[in-house]
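Below is one structure, written out as structure tokens; the observations come after it.
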Amino acid sequence: MKPPALEALGLRRKFTHPSGDVEVLRGLELRVAAGELVTVSGRSGSGKSALLALLSGFDSPDDGSILLDGVPIAGAPPWHTCAVLPQALGLATELTVAENVALPLRLRSDIPRLSRSAIQARVTELLDELSIGELADRYPLEVSFGQQQRVALARAVSGRPKVLLTDEPTAHLDAASTPAVLGLLRRCAEEGAAVIVATHDDLVHKIADRRVRLLGGVLT
């Protein structure tokens, strides 16, 4: 069995509300291997987004630890190590679609700077795969939210991250565009990424290697 690329050990997280503290995660454990696609299901408010925020380093647990390749994370890892597709897409509105997708490649410091042609080839590959190639020169606010979601996914995977965390990646897609997104998620895992998808979509669960359910703050 492959060693886990990502491990969550004893995660606890509570949030303060006017009515009192709510403990969303209660000693949660999760291990995902490189090349594995795992889906996380659960009711709205069950803590799926909170879990992804912790795994990405965007938030800190009240207790427990998160390991990437056996090393505890401190803050958000570099994008090429752990990339995220959040529900709030966070596209740079002043950049074009193509520039948004290219951004992680332009910012990488762990490898020699890629040539303009290599970056363009990768961007074109992903936009065409997601059937949004014709939007390359538009700005995010000039395209639909479903198209923005595909742009954000292309941006997340452009640098071939070791870990990919996605939150409801098909929530705003129509039936025609969903298969391309499912295919790209599956391909990322087959190329060696540890992929975690929080989703309500049965179509996503069907392509997963493993499905876990978040219930009562723990995974089953």
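The values are calculated or read from the model by the stated rules, or taken from the named source; none is laboratory data. This structure is a prediction, so every number in the text was calculated from the model and none was measured. Here Cβ is always computed from backbone atoms with ideal geometry, including for glycine, and neighbour counts include all displayed protein chains.
Values computed for the structure shown
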read-out	value
Subset of segment 184-220 [of a type outside the set (Val, Ile, Thr), touching a strand residue (DSSP E or B) at 6+ places or on another chain (Cβ under 6 Å) and more than 19 Å from Thr170 (Cβ to Cβ)]	Ala194, Gly217, Leu219
Hits in segment 82-109 (condition: among the hydroxyl-bearing types (Ser, Thr, Tyr) and either assigned to a helix (DSSP H, G or I) or closer than 14 Å to Gln120 by Cβ (or both))	Thr96
In segment 60-106, the residues that are loosely packed, with under 15 Cβ neighbours inside 10 Å and closer than 25 Å to Val22 by Cα	Ser60, Asp62, Asp63, Ser65, Ala74, Gly75, Ala76, Ala88
Residue within segment 177-189 that is in a loop (DSSP other than H, G, I, E, B), over 18 Å from Pro104 (Cα atoms), out of contact with any Cys (no Cβ under 9 Å at 6 or more places or on another chain) and in contact (Cβ under 8 Å) with a residue 24 or more places away in the chain present	yes
Enumeration of residues in segment 53-66 that are closer than 11 Å to Val163 by Cβ and of a type in the set (A, V, I, L, M)	Leu55, Ile66
Criterion: modelled with pLDDT of 95 or more, in contact with a Leu (Cβ under 9 Å, 6 or more places away or on another chain) and over 30 Å from Arg43 (Cβ atoms) - qualifying residue of Leu185, Leu165, Leu126	Leu126
Flag for Ser117 being outside any strand (DSSP E or B) and loosely packed, with under 15 Cβ neighbours inside 10 Å	yes
Hits in segment 54-82 (condition: among the hydrophobic types (A, V, I, L, M, F, W, C) and either touching a Phe, Trp or Tyr at 6+ places or on another chain (Cβ under 8 Å) or in contact (Cβ under 8 Å) with a residue 12 or more places away in the chain (or both))	Leu54, Leu55, Phe58, Ile66, Leu67, Leu68, Ile73, Ala74, Ala76, Trp79, Cys82
Subset of segment 190-215 [within 23 Å of Leu67 (Cα to Cα), outside any strand (DSSP E or B), out of contact with any helix residue (DSSP H, G or I) (no Cβ under 9 Å at 6 or more places or on another chain) and charged (D, E, K, R)]	Glu190, Glu191
Residues being among the hydrophobic types (A, V, I, L, M, F, W, C), more than 12 Å from Val157 (Cα to Cα) and in contact with an Asp or Glu (Cβ under 8 Å, 6 or more places away or on another chain) - total across segment 175-193	1
Residue within segment 16-31 that is in a loop (DSSP other than H, G, I, E, B), touching a residue at least 12 places away in the same chain (Cβ under 8 Å), closer than 22 Å to Leu185 by Cα and in contact with a Pro (Cβ under 9 Å, 6 or more places away or on another chain) present	no
